[in-house]
1. Looking at segment 6-29, which of its residues are farther than 15 Å from residue 236 by Cβ and either surrounded by 14 or more Cβ atoms within 10 Å (Cβ to Cβ) or at pLDDT 95 or above (or both)?
2. Give just the number: which of (1) crowded, with 22+ Cβ neighbours inside 10 Å; (2) more than 17 Å from residue 206 (Cα to Cα); (3) touching a residue at least 40 places away in the same chain (Cβ under 8 Å) does residue 150 not satisfy?
3. Are any residues in segment 109-135 in contact with a strand residue (DSSP E or B) (Cβ under 7 Å, 6 or more places away or on another chain) and either assigned to a helix (DSSP H, G or I) or farther than 16 Å from residue 172 by Cβ (or both), and if so, which ones?
4. Go through (1) touching a strand residue (DSSP E or B) at 6+ places or on another chain (Cβ under 6 Å); (2) in a helix (DSSP H, G or I); (3) surrounded by fewer than 20 Cβ atoms within 10 Å (Cβ to Cβ) and name the single condition residue 138 misses.
5. If we scan segment 94-108, do we find a residue that is in the same structural domain as residue 196 (by TED's automatic domain parsing), surrounded by fewer than 17 Cβ atoms within 10 Å (Cβ to Cβ), modelled with pLDDT of 95 or more and in a helix (DSSP H, G or I)?
6. Can you tell me which residues in segment 35-91 are at positive phi, touching a helix residue (DSSP H, G or I) at 6+ places or on another chain (Cβ under 7 Å) and not assigned by TED's automatic domain parsing to the domain that holds residue 211?
7. Has segment 269-280 got any residue that is in contact with a strand residue (DSSP E or B) (Cβ under 6 Å, 6 or more places away or on another chain), touching a residue at least 12 places away in the same chain (Cβ under 8 Å) and either in a helix (DSSP H, G or I) or on the phi < 0 side of the Ramachandran plot (or both)?
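The values are calculated or read from the model by the stated rules, or taken from the named source; none is laboratory data. Only a predicted model underlies this, so the values are computations on that prediction, with no experimental measurement involved. Cβ placement follows ideal geometry from the backbone for every residue including glycine, while neighbour counts extend to all protein chains displayed.
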């Protein structure tokens, strides 16, 4: 079965919108998009009076090289969230189809499904937050079109072994698209599932520049998939998903010098993650610190609500993840700078004394 056989027939048949910029290739005098002929104040040569390329060629080539795929196997958009939404809209018919997730996991998969009117099937992680491949396979129904796997997982931080992902990809062939969310992969020792795409047209991989590359404010996300899947999603992609400023920021963040600095920062953050894990584990109020291969730590507390409230009063904001399955006593703490990490610990020790 071709992977597009799993997609909605009406999307396959859709005539996509042809934007003015797509029709401007090679043009010198651009009078087809109703743009202002003048640059705005403060433009500084950025050309902000012109619409950006829907899939900027220089950025697509740069990111394809970074993630080791062909340019036609890559789509850029507004963060990973847009790619998740596009996949659900392209593959799930409202009121008929479903996605499968393994909670606790990133909440946007279920939100995108709800917006589309697709059901959500669950195959929970194990007690130690490992992916239960047998449970995922057993939970599959003909209605499930997308299976989402987050590795390292958010919010637990636990990675999924490449062998488990490969086994799941094999089991899903002809049945569903396997979407592997690798937003935090750079902080781990794991290899990317993108290597599976060459022989598995039903495998898609989410990457982002928001985390390791420090571009959360630019909103640049990437989907890696077989060329036919990328072409299908381009049919329903917004005409101009990335602002010119975000494109420029992404190119700057992925040049040779910037990548070297990113690697240095990742090494420092991983060092700080392990140091912070040890310091947190020694606090009397802490029950456990979950193993993490991401840029955060998920921590069990004797009184999570009390700790959260007291940290807020100290001006420190962490993530309350108590609503997630299996994490009713947990807070998620992003690893910050050395100074920020020490400030968190100082506040927590004051809390311990006060308690």
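1. 6, 20, 21, 24
2. (2)
3. 109, 110, 113, 118, 119, 120, 122
4. (1)
5. Within segment 94-108 (the criterion being in the same structural domain as residue 196 (by TED's automatic domain parsing), surrounded by fewer than 17 Cβ atoms within 10 Å (Cβ to Cβ), modelled with pLDDT of 95 or more and in a helix (DSSP H, G or I)), the answer is no, since none of the residues qualifies.
6. If the condition is that a residue be at positive phi, touching a helix residue (DSSP H, G or I) at 6+ places or on another chain (Cβ under 7 Å) and not assigned by TED's automatic domain parsing to the domain that holds residue 211, then 47 is the only one that fits.
7. yes
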